[in-house]
Amino acid sequence: MFPWVLTLLLYCAAASPVHDQTVLTSGKPLTASESQSPGWYDPRLRGGRMLDYTIEDYGEPLNIIISALSDPYILTDNGFEHYTKSLGYSQECLGLHYGNRHYADLGDGDGQKIELILARQHYFPVWGTCWESLAGGHHFRAWRQNGTEANSGAWFIGASKELDSRNHHTIVPNGYNLGRDWFVDNAIAGTRHKNRWWKAEVEWRTDLLEEGSDGINHGIAQDGRVAVLTVLRL
Ligand SMILES: *[C@@H]1O[C@H](CO)[C@@H](O)[C@H](O)[C@H]1NC(C)=O
């Protein structure tokens, strides 16, 4: 082979980014008409709701959606963990979590399913998340919309800000709005984990949740806004 051909080949190999082998485990690729869709399905269309389920019928708002039009890597379990780490959350020290598990019905045919992920803000390196568990702070729970009836692969997230664990992890006043905004502000500012960089675009929806405290866990009012994020890999 001529040396210049070799050089060209090497150049091309170096220039083309190595694509992640991770694929959307949610199954079916979007059809042409679905790809016009916003990357998630309104859970209410098939009996779900934008509040999770805690005790009795009370719930916490699912106030963030990560659209399936985002970087495919963060739609995987590992990628999502890395992405949320880049935002300042961590999944360590969950043993210190005293709260009960929540369920959500995303209208995807799975009915009420248990939270997949519970992550907490980490404060400083010595104590990491363990310290946060005592001091309170930001956290979120996440579910994936991947049942067969609405298999978007999108993440539905309930974010909030808590008091410390002596107060049994209750939410601070305005804690749902604060928790959501902290997540969203970090996402749109842009973050990185190792060599991956991301920046999110946000669309605010006011038609998915009722504003107020009706049916809301701890009776804490929220403003009814849901952030739909499309997280792009830079
Ligand atoms: C749905 O997503 C979760 C989390 O990624 C995964 O554990 C589960 O196996 C998926 N279910 C299906 C039917 O693909």
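The values are calculated or read from the model by the stated rules, or taken from the named source; none is laboratory data. This one's a predicted model, so the numbers in the text were calculated from it and none came from an experiment. A quick note on method: Cβ atoms are made from the backbone with ideal geometry, for glycine too, and the neighbour counts reach across all protein chains shown. With ligands, DNA and RNA removed, areas are computed over all heavy atoms of the protein, side chains included. Shrake-Rupley method; radii C 1.70, N 1.55, O 1.52, S 1.80 Å.
Whenever a residue of region 75-87 is farther than 15 Å from ARG141 by Cα, its partners that are open to solvent by less than 10 Å² (accessible area, probe 1.4 Å) and away from the ligand (no atom under 13 Å from the Cβ), lying with C-beta atoms within less than 9 angstrom and at least six residues away or across chains, give the pairs SER86/TRP198. Can you spot a residue in region 134-143 that is in contact with a helix residue (DSSP H, G or I) (Cβ under 6 Å, 6 or more places away or on another chain), at pLDDT below 95 and open to solvent by less than 60 Å² (accessible area, probe 1.4 Å)? Within region 134-143, one or more residues are in contact with a helix residue (DSSP H, G or I) (Cβ under 6 Å, 6 or more places away or on another chain), at pLDDT below 95 and open to solvent by less than 60 Å² (accessible area, probe 1.4 Å).
Considered as a group, the residues in region 218-234 that are open to solvent by 20 Å² or more (accessible area, probe 1.4 Å) and under 23 Å from ASP52 (Cα atoms) include one that is nearest to the chain's Cα centre (by Cα), and that residue is THR230. Of the strands (runs of 3 or more DSSP E) lying entirely inside region 155-228, those containing at least 2 residues that are under 27 Å from ASP108 (Cβ atoms) and hydrophobic (A, V, I, L, M, F, W, C) are 155-162, 196-205.
Within region 177-215, the set of residues being surrounded by 12 or more Cβ atoms within 10 Å (Cβ to Cβ) and of a type in the set (A, V, I, L, M, F, W, C) comprises LEU178, TRP182, PHE183, VAL184, ALA187, ILE188, TRP197, TRP198, ALA200, VAL202, LEU208, LEU209.
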